[in-house]
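Down below is the structure, laid out as C-alpha cells.
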Amino acid sequence: MLARSPATGRGAASAYLRQLLLKPGSYRQSWEQHVLRARREEVNKLAVAEVLARHLHAAPRSPADARVLAHQLKDTVSRALSGELLSRPALTLFIDAFGITEQEAGQLWRLWDGSGAITVLAGSHAVAPQAEQDLTRMLGPRQHQTLSMHDHCYVGADGRLERTWTMQVIEATTMGVDRLPFLYDTDALALEAGQGCRGLSGELRQVGPGVFCTDILLARTLNLGDTCPVDYWVSYRYPGVLTDPREREFRRAVMRHLENFDIRIQFHPAALPARLWWAVWDGVDGEIATRQEVLLDSEHAAHRYLRSLDRTVVGFCWTW
C-alpha cells in the first residue's frame, strides 16, 4: 500500500467529505434545508454547523453539547472542510450527524488514516471519452491486455447510480508493468483500489476535455506474459435528475478487444425500474443501436455474460 503522511491523508478525507456533502442526496438535503439558496459547488458552512449542533442537542457527548449553537461550530466546519484541521472527534461528529453510510464512512477513515489505496476524483464537467488515438498519444502505448472483466453496478434507494465494483484480470504485454491506467469523467467521485493493488498514484491528469486519468499501482511489477487480478470500487455523484438518460444507464466501452466480460446490475428494493434493457450503443457518443428487455431476479439484479467484445459499447438502461 502506498503510504501517505497524516496531513496528506486528512486533507484527502476533507476533500472526500466535502464532495459527499455536495453530492445530491440526503447529506446535501440535510444542510440545504437551513439555507434559502444553495450554490451548486459550495457548501454552506453555517448550515452544516446547524446540522452538527442539532445532532449534539439530541445526542450530547458532554453537558456543553446540549447548549452549543451553530455559529460556535462554524470554525470547526470551516477547518474540517478546507483540510486545515479534521480531527478524529470532528470526523466522527460529521459521520454521526449526517448518517453517513458504513461504506462511505469506511472510505473516509481509510483516507484519514493515510491510505494510498483510495483517492478522491474531481474535475470540471463530464463529456464522452476521447478517441483511442488521442488517448494513446497522451498516455503512451498500451502495456497490458485484459483477459477477463467483471462489472457489478449498484443503484441506490434514491434511484441514483451509487457505485460499481470491477474485477479485472490483466496480462502484461511488455516488461516492467507496475500500474494500470484508470480513466474517468466528473460523475466519478472516488476510486478505491482492492486486491492486486498497492495503492493509487495520487496523480490526477487531464487527458481530454472533462476526461481525467489516474494510475492504479499494482501489488507487484509484471514482466511480459505475467498475469494479475485486480479489483476496485468507484463511487458516483450523479445530480439525481432521474429523467436524464445518462442517469438511467450503465455502460462499458471496449476500444479494442475484450474476452470474458461479465456485467451485473443490482437495484435497491425501494428503487426498482419499470423496465430494464440490455443495450448496445453506436459508439460512446451514439444512440442505442439495439436493445433487449430483461427481467430482474429475486435479488433485484440482472446479469449478462459475453464471451468476447470488439470496439463496442454495451450495458443496461432503464426507465422508472
Taking only the range 292-320 into account, find how many residues are in contact with a Cys (Cβ under 8 Å, 6 or more places away or on another chain) and farther than 25 Å from Asp158 by Cβ. 0
So, of the residues in the range 271-318 that are in contact with a Phe, Trp or Tyr (Cβ under 7 Å, 6 or more places away or on another chain) and basic (Lys, Arg), which turns out to be surrounded by the most Cβ atoms within 10 Å (Cβ to Cβ)? Arg304
Residue identified as in a loop (DSSP other than H, G, I, E, B), modelled with pLDDT of 90 or more and more than 30 Å from Ile216 (Cβ to Cβ) among Val43, Val48, Val77, Val35: Val35
Only one of Gly99, Gly83, Gly9 that is at positive phi, touching a residue at least 24 places away in the same chain (Cβ under 8 Å) and touching a Gly at 6+ places or on another chain (Cβ under 8 Å): Gly83
Six or more apart or on different chains, Cβ atoms under 7 Å: show the pairs whose first residue is in the range 229-258 and in the same structural domain as Asp310 (by TED's automatic domain parsing) and under 19 Å from Leu189 (Cα atoms) and whose second is of a type in the set (Ser, Thr, Tyr) and surrounded by 14 or more Cβ atoms within 10 Å (Cβ to Cβ). Asp231/Thr166; Tyr232/Thr166; Val234/Thr164; Glu247/Tyr238
Subset of the range 176-232 (residues that are modelled with pLDDT of 90 or more and either touching a His at 6+ places or on another chain (Cβ under 8 Å) or assigned to a loop (DSSP other than H, G, I, E, B) (or both)): Gly176, Val177, Leu180, Gly194, Gln195, Gly196, Leu222, Asn223, Leu224, Gly225, Asp226
Got at least one residue in the range 300-314 being of a type outside the set (A, V, I, L, M, F, W, C) and without any contact (Cβ under 8 Å) to a residue 40 or more places away in the chain? yes
Is it the case, given these coordinates, that Gly99 is of a type in the set (Gly, Ala, Ser) and under 22 Å from Gln33 (Cβ atoms)? yes
Qualifying positions in the range 60-79 - closer than 14 Å to Ala47 by Cβ and hydrophobic (A, V, I, L, M, F, W, C): Leu69, Ala70, Leu73, Val77
Could you tell me which of the residues Leu191, Leu180, Leu217 is surrounded by 17 or more Cβ atoms within 10 Å (Cβ to Cβ), within 24 Å of Val241 (Cα to Cα) and in contact with a strand residue (DSSP E or B) (Cβ under 6 Å, 6 or more places away or on another chain)? Leu191
Matching residues in the range 1-19 - criterion: being closer than 24 Å to Gly159 by Cα and at pLDDT 90 or above: Leu17, Arg18
Please determine whether any residue of the range 254-262 is assigned to a strand (DSSP E or B) and touching a helix residue (DSSP H, G or I) at 6+ places or on another chain (Cβ under 9 Å). yes
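The values are calculated or read from the model by the stated rules, or taken from the named source; none is laboratory data. All values derive from a computational prediction rather than experimental measurement. We place every Cβ from the backbone using ideal geometry, glycine too, and count neighbours over all the protein chains shown.
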